[in-house]
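Participant: Take this structure first; my questions come after.
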């Protein structure tokens, strides 16, 4: 390597190096500032939801008429992992999770699902059922980005009209994908007739409906010509004016009367499905989901600005718009943590390198940090990624490693300069000396990270970007270390060629003292190799004992709770929306009383819906309080502590409601720790088994918030038509069935628009409050010959309860039993194992029942099985790289011994910090396998270089250990410093980020110390006894 070689010419071209450096910095800054901000990466989980409405049907009707046929259609679609469905009053929901397939195959499968379902719908579904709707579940639409409430002292048309206008305007806001409204009622024109009055007048309800329907038609007659000019002809029958509708003529036996003589006509609204109250006032709630490429932070800022601007218009109407939930603080805080860690890393590199090598070299090395980050952000942005928590995790992990290669190279150059070489010669000599081991060290890190992209399941999809980010950043850092750093040093050669200052001489003496003290310790270790080897082995055994004894707790899925949680209030079946809302308001009052304003952002009471981990449940008897919290203060409580402060009073709430808590978890989506699907087609055994499983869970310590998704429906009346009676009355079944519908909620006879809103025309019997459901049988019906008979003469009524919710799992009826666990008492796998063992003792009692343990347990098994393979693959790749570098079978094993040392450090760190051993900790351990070996690589490489010059193996080991001490300390320190604040929670603790960072910090710190002793020790043990006796007394005397 000379000045005339291609490398010499490259580093001598200072303008090229400076321009390239500047371009990468500019491109990276632009990419960083323009990347959309989001909490989670945009992931399509290979989930498809099929929603089909069947208005007015019971859950059993929906199961039989909608869900079962559509499930039959799905049986032929390949690559389906599982199918789960729920049938409830008026709605069928089917969730399909596909296997892990590529995006092209997934698109084909979605097309297959659409084709099969729509064909089945056209062939078998009732005509009253609406067309199935398909939704692909992603991180963007799986959870609301924000919630806005419109509230005021009085609900009514003014609030409803304003809500419609707000919804219409918000749909035009850039970045909003979908808006769902709760508490909003569509406008309708109601035509309410008195069935007894109609019978007296001699007109059948079906005839009245037909005549009204005929008026609500617009006809296009086409074109005609007048004086050689074409005209268009049309007939208008539709109107949105209730007064005009009231004066429509109705013909009875050849005589016309107005509609208002037979019925009451009014502009009204549909029957509410939900009721909402906020701050003690009626409200309409708008749930917002964002588009995949939307910037969450900008979108929430737009929504807040929209609310502030709109409030000036709403104030005179007595209304107000409030953003009740905004979870973007964590994203902002995470970006701030990353930026702070980057600045901290820059400062620490400057200090550490400056301390040992001088401030000029410190600045040059530290400049590699923004360069590598800029290059990484440019690459990430080119892949259309958002700037999310997972990307930032990769950046934070990489922060401490981005200058490791530059530190080793610049230290080698500095050492050559100290030895008296010119700057140019020192660059060539230094790069040639450590270039190969530096490249090998980076390759081993990449070899440990890249296989993590093979991690299956949701966890793998969620974290796949992390190894990509780390690999991109390390690749850019290599470019800086091999080219730009030497080019900058060469450009400043006049500074380095000058005589060394006193400060530089003091630094060199300090480094020498540090090396000498380390050398003395190392000599004592090498003289008693087996004693120290046993000590190292004892640390590993102690770490294993901490895990086996439970001193290090296990919590495989440790999630950060979002600052949002729900209180569910299940009322008895048949409760009205108003009764349910009353109980939700009582719970809201407790929340507002117990939580101080600095913690409580909003508490919204709703009736008619409750959100679960997987889907919303609808019904008048479902109540819910949505509690959104302010960002956690420095000494504030976490979500679990806040829930615990409310639990006692909420759970002891008097009244008919059954309360339960649901905390919303961050990170990859997963179900609750206990998630058991009790499956059987025998409904009696199914109900009994569910009760038994709940009892078994109550007996397991640490189990809490036990729920199941059984739900009673409304009481149901079923009419069985008397065929003979209908025939004797001269009627047909279709006429009778239609009249029953008109006597109930009625039917839509027309549709128009009013001020941009769709307006349905509904004709029905006047709503009446019955004291006995048998009164239905006394309602009149008109025969074709004009006689009046009662419904009871044509049909028999059967009164019975109905089911409110029917679930299928893998096409079989199932009830899901779920529970949370107290992680200080038990953990997921242990609790599930106890439940399995308890069930086996009573399983014979329920021969038709099977239990399916899924949820967290399913994902844990999948992730653990994959991590074993990934860990083995990473080790194999690292061994292959090391064997290629060292041309040895033994030396790679000496380097790899640092891995159990690092694992011991991880366990000790978890024990001292109190963090759990989770899947994220194991993720950090796998990443650590590539980082921890770097120190051993440069040490063994240095020893090999000395042996190649003729030095004995023992002398080479001592020389290499002392020679590489400073770069090992600097690189390990910068990596630890970059992750330290995240690991110890200086900027806020995280159960996802914390374990990953903590495992790397503790593992690397522990393994670095032991590597400086264990690697030379292993080299010593492999030497012959004759060589072992050649420990130089001169080195010991220094």
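The values are calculated or read from the model by the stated rules, or taken from the named source; none is laboratory data. Keep in mind the model is a prediction, meaning the values are calculated, not measured. Cβ atoms come from the backbone with ideal geometry, glycine included; neighbour counts cover every protein chain shown.
Yes/no matrix, rows are residues, columns are (1) modelled with pLDDT of 90 or more; (2) in contact with a strand residue (DSSP E or B) (Cβ under 9 Å, 6 or more places away or on another chain); (3) farther than 26 Å from residue 823 by Cα; (4) surrounded by 19 or more Cβ atoms within 10 Å (Cβ to Cβ):
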| position | (1), (2), (3), (4) |
| --- | --- |
| 606 | yes, yes, yes, yes |
| 613 | no, yes, no, no |
| 623 | yes, yes, yes, yes |
| 627 | yes, yes, no, yes |
| 642 | yes, yes, no, yes |
| 649 | yes, no, no, no |
| 654 | no, no, yes, no |
| 659 | yes, yes, no, yes |
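Participant: To continue, here is another question. Restrict the check to region 549-556 and report whether at least one residue is out of contact with any helix residue (DSSP H, G or I) (no Cβ under 8 Å at 6 or more places or on another chain), part of a loop (DSSP other than H, G, I, E, B) and touching a residue at least 12 places away in the same chain (Cβ under 8 Å).
Facilitator: Yes, some residue in region 549-556 is out of contact with any helix residue (DSSP H, G or I) (no Cβ under 8 Å at 6 or more places or on another chain), part of a loop (DSSP other than H, G, I, E, B) and touching a residue at least 12 places away in the same chain (Cβ under 8 Å).
Participant: Of these, 566, 518, which one is modelled with pLDDT of 85 or more, assigned by TED's automatic domain parsing to the domain that holds residue 903 and surrounded by 17 or more Cβ atoms within 10 Å (Cβ to Cβ)?
Facilitator: Exactly one residue qualifies, and that residue is 518.
Participant: What are the residue pairs meeting all of these: first residue in region 504-531, first residue within 13 Å of residue 1016 (Cβ to Cβ), second residue exposed (fewer than 15 other Cβ atoms within 10 Å of the Cβ), Cβ atoms under 6 Å, and 6 or more apart or on different chains?
Facilitator: 523/1036; 529/1021
Participant: Something else now. Which residue out of 109, 97 is out of contact with any helix residue (DSSP H, G or I) (no Cβ under 7 Å at 6 or more places or on another chain), at pLDDT below 90 and either within 30 Å of residue 468 (Cβ to Cβ) or crowded, with 16+ Cβ neighbours inside 10 Å (or both)?
Facilitator: Exactly one residue qualifies, and that residue is 97.
Participant: Continuing with this model, one more query. Would you check if residue 882 is more than 35 Å from the chain's Cα centre (by Cα), more than 30 Å from residue 510 (Cβ to Cβ) and modelled with pLDDT of 80 or more?
Facilitator: So residue 882 fits the description; yes.
Participant: What is the number of the single condition among (1) in contact (Cβ under 8 Å) with a residue 24 or more places away in the chain; (2) outside any loop (DSSP other than H, G, I, E, B); (3) not assigned by TED's automatic domain parsing to the domain that holds residue 248 that residue 753 does not meet?
Facilitator: (3)
Participant: Report, by residue number, each residue of region 885-899 that is surrounded by 13 or more Cβ atoms within 10 Å (Cβ to Cβ) and free of Cβ contacts under 8 Å to residues at least 24 places away in the same chain.
Facilitator: Within region 885-899, the subset surrounded by 13 or more Cβ atoms within 10 Å (Cβ to Cβ) is 885-886, 888, 891-899.
Correct list: 888, 892, 893.
Participant: Shifting gears a bit: Which helices (runs of 4 or more DSSP H) does region 342-442 wholly contain that include 3 or more residues that are over 18 Å from residue 485 (Cβ atoms) and either in contact with a helix residue (DSSP H, G or I) (Cβ under 9 Å, 6 or more places away or on another chain) or in the same structural domain as residue 21 (by TED's automatic domain parsing) (or both)?
Facilitator: Per the criteria, 368-382, 389-399.
Participant: Could you please give the count of residues in region 293-328 that are assigned to a helix (DSSP H, G or I), in contact (Cβ under 8 Å) with a residue 60 or more places away in the chain and exposed (fewer than 14 other Cβ atoms within 10 Å of the Cβ)?
Facilitator: 1
Results for (1) closer than 29 Å to residue 56 by Cα; (2) crowded, with 17+ Cβ neighbours inside 10 Å; (3) touching a residue at least 12 places away in the same chain (Cβ under 8 Å), shown as yes or no for each residue.
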residue: 199; (1), (2), (3): yes, yes, yes
residue: 206; (1), (2), (3): yes, yes, yes
residue: 209; (1), (2), (3): yes, yes, yes
residue: 212; (1), (2), (3): yes, yes, yes
residue: 219; (1), (2), (3): no, no, yes
residue: 235; (1), (2), (3): no, no, yes
residue: 246; (1), (2), (3): yes, yes, yes
residue: 250; (1), (2), (3): yes, yes, yes
residue: 260; (1), (2), (3): yes, no, yes
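Participant: Give the residues of region 44-62 that are surrounded by fewer than 21 Cβ atoms within 10 Å (Cβ to Cβ) and either out of contact with any strand residue (DSSP E or B) (no Cβ under 7 Å at 6 or more places or on another chain) or closer than 24 Å to residue 115 by Cα (or both), sorted by residue number.
Facilitator: 44, 45, 47, 49, 51, 53, 55, 56, 61
Participant: Against the conditions (1) modelled with pLDDT of 90 or more; (2) surrounded by fewer than 22 Cβ atoms within 10 Å (Cβ to Cβ), where does residue 871 fall short? Just the number, please.
Facilitator: Among (1) modelled with pLDDT of 90 or more; (2) surrounded by fewer than 22 Cβ atoms within 10 Å (Cβ to Cβ), the lone unmet condition for residue 871 is (1).
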